[in-house]
Amino acid sequence: MQLKKAALLTSGVASFLTPFMGSSTNIALPAIGKEFQIDAITLGWIATAYLLAAGMFSVPFGRIADIAGRKKVFVVGLLVFSLGSILSAIPPNAEMLIAFRVLQGVGGAMIFATSVAILTSVFPPQERGKAIGINTGAVYTGLSLGPIGGGFLTQNLGWRSLFIANGALGFFALIVASVYLRGEWADARGEKFDLAGSAIYAAMLFFLIYGFSEFSVAFIVLGAILALIFVVYENRQEHPVFAVRLLLSNLTFSLSSLAALLNYAATFAVGFLMSLYLQYVKGFDAQTAGLILVSQPVVMAIFAPIAGWISDRIEPRVVASTGMAVTTLSLILFAGINGETALSNIITYLMLLGFGIALFSSPNTNAIMSSVERKFFGIASATVATMRLVGQTLSMALVMLVFSMVIGRVEITPEYFGRFIESSRIAFSIFAALCFVGIFASLGRGKIKRG
């Protein structure tokens, strides 16, 4: 197998796995909750543990890959992710499942940090766009098939089959990468690894997310203090682990990154909430719920490339800001749901949300990458991934915060359906407010200078 084909295949499978894992796990959560008889907050941690681990370690592993070799980190990441997936299929209790999800997240971080970077290293500039486009298609395929595949497997083979399927695909990618992905890429070989900065970053993220999730003011304050320390420390480093200096000096880059953070924080947990709503309140089985939820990523897959094409011709901030406004509208509509909301309305809201995200994501990424010099492309790409992971984790943390305040540590049974709907409405209202602020962050970035 040619090097280019091997890189495209392994990166594509890896890029398919991570979104498939996330969207399919959301569908399986009610079945997991029923088997282990766990409360709503613990159920949220099964989804959040993976994201938190991936967010904490993706930035450090990205830097390690630049220094030690991207293939090395990528292959080890596939191994760790696959092992974590298989172990997640056999836990005797929820606590062990959460621990194995953390292991999955560590492997996922290593994959996030290297897969696209390997494609960029292997393909020449004139072929790079096509390769990254195919890779992006794999991401959207994973998002689209996650609810369908997750619903089918959960309904017919049980929720544990989801993790077995992901582990099998991971091991397949591992074999292909180990045998056919020849060579190594380490553009920063010999440079110093910022261990202290990495440790501060990971601790900061943990304390902030755990603090929000468990409503711990002490943890939130500690996380905020560490965030300030991190900014000051990283700004003084010659080889920082995160592009703090770029964020502070480039207004377009920083506001575009903030807009991405707010968009992911406002939208990611929608799939989690609607999966529970459709199966608990509406009484649909996992397979049917998956078919309903797929309406959002399908719309995203259709319109994201079109939005990217438009942003090459119209100012990206205009297209992205319009997408943020559409997303805000969809979240306002979600904030009005109740037990009697028609299924046609739910599907319409999901499609509107998918359209808004599609209009925002590609142009916003275009704005971020167009706002920096070519030598900063790697740092900018890593920042985009970081904003996505941190935003997704924060989104789940906000939901669990609302759950802890409204529902408490109880299993979601019919007597608590009213409180669950109230929690969902509050969460959607918070998300709509975040997205509304994101409109102004998106508009305030200014015009992008074309190269």
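None of the figures in this text is laboratory data; all of them are computed from the coordinates on show. The shown structure was predicted, so the numbers you read here are calculated from the model rather than taken from an experiment.
A compact table of results
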item	result
Mean separation of Cα contacts under 8 Å, 6 or more apart, over the residue count of the chain: relative contact order %	23 percent
Pairs of alpha carbons in the range 1-182 whose separation is greater than 19 Å (percent)	56 percent
Orientation-averaged projected area, Cα convex hull of the range 243-451 (nm²)	11.6 nm²
Percent RCO, i.e. relative contact order, over the range 159-280, from Cα pairs under 8 Å lying at least 6 residues apart	17 percent
log₁₀ of I(q)/I(0) at q = 0.09, 0.12, 0.13 Å⁻¹ - the chain, Debye sum with one point per alpha carbon	-0.53, -1.01, -1.21
For the range 430-444 versus the range 162-234, the gap between their alpha-carbon centres in whole angstrom	26 Å
Whole-Hz ³J(HN,Hα) from phi, Karplus 6.51 cos²θ - 1.76 cosθ + 1.60, for the range 254-262, glycine and proline x	5, 5, 5, 5, 4, 4, 5, 4, 5
For the chain, calculated [θ]222 nm from helices alone, where every DSSP H run of n ≥ 4 adds -39500 (n - 2.57)	-27500 deg cm²/dmol
